[in-house]
1. Taking the mean number of other Cβ atoms within 10 Å as a proxy for protection, how do you rank 262-268, 96-102 from highest to lowest?
2. Using only DSSP helix segments of four residues or longer, with each worth -39500 (n - 2.57), what per-residue ellipticity at 222 nm results for the chain after dividing by its residue count and rounding to 500?
3. Taking only the alpha-carbon positions of the stretch 163-264 and ignoring solvent, what does the Debye formula give for the base-10 log of I(q)/I(0) at q = 0.11, 0.12, 0.16, 0.22 Å⁻¹?
4. Using modelled backbone amide H atoms (1.01 Å from N, in-plane), which distant-in-sequence or interchain residues come within less than 5 Å of Q200's amide H?
5. What FRET efficiency, computed as 1/(1 + (r/R0)^6) with R0 = 30 Å and r the Cβ-Cβ distance, is obtained for S163 and T331, rounded to the nearest 0.05?
6. Could you give the length gained by full extension between T109 and N265, i.e. 0.36 nm per residue of separation minus their alpha carbon distance, to one decimal place?
7. Out of residues 5 or more away from K345 or on other chains, whose amide H comes under 5 Å of its own, with H placed 1.01 Å from N in the peptide plane?
8. At 0.36 nm per residue, minus the direct Cα-Cα distance, what do K121 and N367 gain on full extension? Give it in nm, one decimal, please.
Amino acid sequence: MKKFLRVLGIALFSTAIFTSCSNDDGGKSEEPTSTFVLDANNFKGTIGDGEVVLQSGQTYKLTGKLIVANGAKLTIEAGAKIEATPVAEGEDIRFIAVSQGAQIFVNGTASNPVVMTATDKAPGKWGGLVICGKAPINKGETASAEVSELTYGGTNASDNSGSIKYLRIEYSGFAYNSEKEFNALSLFGVGNGTTIEYVQAFEGSDDGFEFFGGTVNTKYLVSTSSEDDQFDWTEGWNGTNEFWFGKLGLGRGNRGIEADNNSNNHLASPTSNPTIKNITLIGLGDQGSESQAIKLRVGTKGIFDNLVLSNFLTGFDVQHDESVAYVAAGTLKATNVKFDNVATKAKGKNTAEASVDVNAIFTENANATGAGNGTATPTWTQGWTR
């Protein structure tokens, strides 16, 4: 009898432990319920805790700024839409910002992407998406993001701000003033634990994608018709990237890529030094002095491979002593480049603005495929881009 009671006690104890660690969803612990009140017709405020989920097929009217705070999570299901409403006088600018320690999960698919857009279908009608991480920058250990005033930067290169897949960002680039504008996707000190894949910036009034330091890697980025640069980096960004497609439109726009290290200290560390392969950049032809496929300056490095550059006055424009020196050292270079209707393949100026020979920056390959299909739209953009 005593033996039976001992066995029964052990069995009951084991069952109790099993029950306390398990539930009906296969042992996964449920996210705590957020105290954020979700209103699809008045989507704004601060998600301060837990997880908020935006449902597939639902449209959420963004009526102010939305901040995802430290420790909180925003999950967006495939097919959900966020639509920024017009800004009336005295109202907050509409934008979405993910703070350090917060996460965003955009779970779109090729047939059912997530769309962030605006009620008014024109460039500059809302702010866009801002993500702030804890990865290294060269502006200081930390800094304040210019378009959200959130802190970014730190020492965690593998910081994880979540995952973004199959997202289209439309009509972004709201301007505070002539010097301060939002991009479609702004990545401030974002770490390489974050996933950024299959994202399009469409008809924004500033840059499509801008990297402010950090170590985040990307794949399958599309920037079409942004009115400034299609891709931009500064402040020591280091990332490994594949398949970028950039095409200027709307009859205006500047460069395919504008690349900096640090304008105040060209030798600031960490040095901007991304690796990017499989790139197509298409310009507007003779659009003045800013018609440059790739502008590299103030001490940036970079390794490029398999590029198609089309319809620009200049292919590579290299400026300042430090970047010019990196060309000679082979730490700023592009291999397998196909030029199509590019008047000047490369030109350079040192810091004193004297012309220098930087033709060593590139090697040519008439069979380069760029983002996958030469100057034509890549097949991997089908179904989710405009």
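None of the figures in this text is laboratory data; all of them are computed from the coordinates on show. Note that the coordinates shown come from a computational prediction; the quantities given were computed from them, not determined experimentally. Note that each Cβ is placed from the backbone with ideal geometry, even for glycine, and that neighbours are counted across all protein chains shown.
1. Per-residue mean Cβ counts within 10 Å order the peptides as 96-102, 262-268.
2. Details: 2 runs with 29 residues, N = 386.
Value at 222 nm, helices only, nearest 500: -2500 deg cm²/dmol.
3. -0.29, -0.34, -0.62, -1.18
4. When sequence neighbours closer than 5 places are left aside, the close amide H contacts are L167, R168, I169, V222.
5. The value I calculate is 0.45.
6. In short, 52.0 nm is gained.
7. G315
8. Full extension of this stretch gives 84.7 nm more.
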